[in-house]
Every structure is written in structure tokens, then in C-alpha cells.
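Colleague: Take this structure first; my questions come after.
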Amino acid sequence: MIRWPVLAALTALWLSLFAAAPAGAEELSALQKIRASGVLKVALYKNFAPFSHEGSGIDVELAAALAAKLGVRMSPLWFEADENMEDDLRNMVWKGHYLGYGPADVMMHVPIDPAYMAKVERVKFFAPYHRERYAIARQLDQLPTLDNFEPFEKFSLGIEGDTLGASVMLSADGGRYRNTIKTFRTAGEAVAALKGGTVAAVMAQQGELEGGLKGDARMAIDLPPHPILQKRQWPLGLAVKQQSDDLAQALQAAINELLADGTLKAIMQRHGVQHRQP
């Protein structure tokens, strides 16, 4: 005969197992979990004006619009860019940061590049919403035209360090412009120097230049007079975990609607940026 205390313990064990894993139960999908919680967690870069900086920006407004399309609210998960995109994707999309935050449900502002995407197995890239490229902003009174790089033997050029633009300019024409190049930690700092007259021109991503200058009549923004930099253009989109198929489909549909009805274009215009079709 099984004594009562033993029987009670066995009964409790059976009930706990039944509650934890009922017959035929299936784990909720990524989209179902988001709708159940009422929150879409979105990874957003810090200090990346005009896209995401000090709680506002293009990507912040777009993320809120995407969450609204899903019927939930947006919760930003801010992060500093790591050494490379692989680190950012690991920390914010598929694993989480070793300091204990993340991952998010979706990450904004990721490159949609087929060759690169093929190398990253744990991430699904999709929904391109804007096309970015390098450009040069210049003070018109000092550089009324810019047909080549030769003026930078005399005039100072601001660049953000550790970028393709910086690498090209430091090596261009045998390094003849090294003495006039001024390196900044961010494109925003370089643009501030341009507006303050510390440098005559700045090379950076065009969206950062447009957002920083916001139509300043003293300045002009053009593509760099260099074939590699003119050719190097890339779509920006979203990233989720590889297995988050239903979430990706829902967000893709939301992006399509925001592009079609002009919402995305209007968001970008509010921040001084011209929308470029990806």
C-alpha cells in the first residue's frame, strides 16, 4: 500500500508535469509572443542622428509605426555599435549581450547585402526601406565646385574614423591629402565642425549629412568624385532571428504599407533626409 505522504508527492509531480507540457501543446511563435506581451522590442543604435539619437529619429519613428501595425507598443532597446556588424547582430538579434540585455525582437538599420547575408546563418535580413551611400558636404564659399579631390590638398576634410570613406581618402592619390584630413569619432561631430567652420567639407553617409545640415543654404551635398565611393550604395532593412518567420512576414507587410502610403517618406522629411528607394 502506498502511504498518503508518498501518494501526495507523486500526485503533485504528475500534476506539475502535466501543467508544464500538456499533450499536443506547441510553443508560441515569435509574433504570437509579441502580441501576447503587447510589446515589440526594437534594437536601436545610440548616437546615430538623424536615425536614432537621444530618444528620437527616423528609425525610432519607423519602429513605433511598425509596432502600431502589429497592434502593440514599441519598446526601444538602445545599444552602442560594437566593433563590427556581426557583433551587433549577435548581441541584439540572436543571442543577447554578455552584460545581460537583449536580444530584441527586431533590429533596425541593417545592411541588406546578399553576399553578407549568406554568411550570417542565425539572422533573417529583410524589408529594405532606404538606400544609403557616401556623400560630401562642403561650404560653398570655400568650395563652390568639387570635381575631384585636389582641393583637399589645401582645404580641410572631416571624416569619421574606421569607415570606408576614411580608408579611401587616407590612401587616395598616394596619400597626398593626409595632412588636411581631420578624423572625428562620429559623423555628427564632423558635421558640427563643418557648421562651425573648422573644416571646409565632410565625407559621411548622405543621410547623416542631410539630417545634420537640414537644408543649410551655406552648404552643398554631392556624391564624392570617386568611382568606388559612388558605386558603394547599400539598402537598409530589418533583422530578426532566423526562425522568426511569421514576425518577418508581418513586419515586411507593415514596411510595404508604410512605403506605399508615404508614411516613411514623411518621417524622413521631418528629419531633413531625402528618402531613396532601396
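The values are calculated or read from the model by the stated rules, or taken from the named source; none is laboratory data. If you're wondering where the values come from, they're calculated on a predicted model, not measured in any experiment. Note that we place each Cβ from the backbone using ideal geometry, even for glycine, and neighbour counts take in every protein chain shown.
Colleague: Going residue by residue through segment 135-147, is there one that turns out to be among the acidic types (Asp, Glu) and within 26 Å of Phe51 (Cα to Cα)?
Modeller: no
Colleague: Could you give every pair whose Cβ atoms fall below 7 Å, whose first residue belongs to segment 153-165 and is free of Cβ contacts under 8 Å to residues at least 40 places away in the same chain, and whose second residue is part of a loop (DSSP other than H, G, I, E, B), counting only separations of at least 6 or pairs across chains?
Modeller: These pairs meet every condition: Glu153/Arg176; Glu153/Tyr177; Gly161/Arg185.
Colleague: Could you check segment 37-50 and list, in sequence order, the residues that are over 18 Å from Ala254 (Cβ atoms) and part of a loop (DSSP other than H, G, I, E, B)?
Modeller: Answer for segment 37-50, where residues must be over 18 Å from Ala254 (Cβ atoms) and part of a loop (DSSP other than H, G, I, E, B): Lys46, Asn47, Ala49, Pro50.
Colleague: Next question, about the same structure. Is there a residue in segment 211-229 that is within 30 Å of Arg122 (Cβ to Cβ), part of a helix (DSSP H, G or I) and either assigned by TED's automatic domain parsing to the domain that holds His109 or in contact (Cβ under 8 Å) with a residue 24 or more places away in the chain (or both)?
Modeller: Looking for residues that are within 30 Å of Arg122 (Cβ to Cβ), part of a helix (DSSP H, G or I) and either assigned by TED's automatic domain parsing to the domain that holds His109 or in contact (Cβ under 8 Å) with a residue 24 or more places away in the chain (or both), one finds none in segment 211-229, hence no.
Colleague: Return the residues of segment 159-194 that are within 16 Å of Gly207 (Cα to Cα), charged (D, E, K, R) and part of a strand (DSSP E or B); say none if nothing qualifies.
Modeller: Answer for segment 159-194, where residues must be within 16 Å of Gly207 (Cα to Cα), charged (D, E, K, R) and part of a strand (DSSP E or B): just Glu160.
Colleague: Only one of Leu44, Leu28 is over 20 Å from the mean Cα position of the chain (by Cα) and not small (Gly, Ala, Ser). Can you tell me which?
Modeller: Leu28
Colleague: Now, a different point. Out of Pro128, Pro144, which single residue is assigned to a loop (DSSP other than H, G, I, E, B) and under 30 Å from Asp216 (Cα atoms)?
Modeller: Criteria check complete, one pass: Pro144.
Colleague: Right, another one. State whether the residues of segment 90-108 include one that is of a type in the set (Asp, Glu) and either in a loop (DSSP other than H, G, I, E, B) or not assigned by TED's automatic domain parsing to the domain that holds Leu251 (or both).
Modeller: Yes, segment 90-108 contains a residue that is of a type in the set (Asp, Glu) and either in a loop (DSSP other than H, G, I, E, B) or not assigned by TED's automatic domain parsing to the domain that holds Leu251 (or both).
Colleague: Scan segment 205-222 and give yes if some residue there is under 22 Å from Val60 (Cα atoms), among the aliphatic types (A, V, I, L, M) and at pLDDT 95 or above, otherwise no.
Modeller: yes
Colleague: So Val202 clears everything in (1) touching a Gly at 6+ places or on another chain (Cβ under 6 Å); (2) more than 25 Å from Leu66 (Cα to Cα); (3) part of a helix (DSSP H, G or I) except one condition, right? Which one?
Modeller: Of (1) touching a Gly at 6+ places or on another chain (Cβ under 6 Å); (2) more than 25 Å from Leu66 (Cα to Cα); (3) part of a helix (DSSP H, G or I), only one is false for Val202: (3).
Colleague: Could you please tell me which pairs satisfy a Cβ distance under 9 Å, a separation of 6+ or placement on different chains, a first residue in segment 232-249 that is farther than 19 Å from Asn91 by Cβ, and a second residue that is acidic (Asp, Glu) and surrounded by fewer than 23 Cβ atoms within 10 Å (Cβ to Cβ)?
Modeller: Gln233/Glu132; Trp234/Asp113; Trp234/Glu132; Pro235/Asp113; Pro235/Glu132
Colleague: Would you check if Gly161 is crowded, with 20+ Cβ neighbours inside 10 Å, at pLDDT below 95, within 26 Å of the chain's Cα centre (by Cα) and not β-branched (Val, Ile, Thr)?
Modeller: Here the answer is no, as Gly161 does not meet what is asked.
Colleague: Out of curiosity, is Val123 in contact with a Phe, Trp or Tyr (Cβ under 8 Å, 6 or more places away or on another chain), closer than 18 Å to Ala248 by Cβ and not assigned by TED's automatic domain parsing to the domain that holds Gly175?
Modeller: yes
Colleague: All but one of (1) in contact (Cβ under 8 Å) with a residue 60 or more places away in the chain; (2) outside any helix (DSSP H, G or I) hold for Ile255, so report the exception by its number.
Modeller: Answer for Ile255: the failing condition is (2).
Colleague: Among the residues in segment 82-89, are any charged (D, E, K, R), free of Cβ contacts under 8 Å to residues at least 12 places away in the same chain and surrounded by 14 or more Cβ atoms within 10 Å (Cβ to Cβ)?
Modeller: Within segment 82-89 (the criterion being charged (D, E, K, R), free of Cβ contacts under 8 Å to residues at least 12 places away in the same chain and surrounded by 14 or more Cβ atoms within 10 Å (Cβ to Cβ)), the answer is yes, since at least one residue qualifies.
Colleague: Taking segment 90-122 as the search range and keeping residues that are within 14 Å of the chain's Cα centre (by Cα) and among the hydrophobic types (A, V, I, L, M, F, W, C), which one is surrounded by the fewest Cβ atoms within 10 Å (Cβ to Cβ)?
Modeller: Filtering first and then ranking leaves Ile112.
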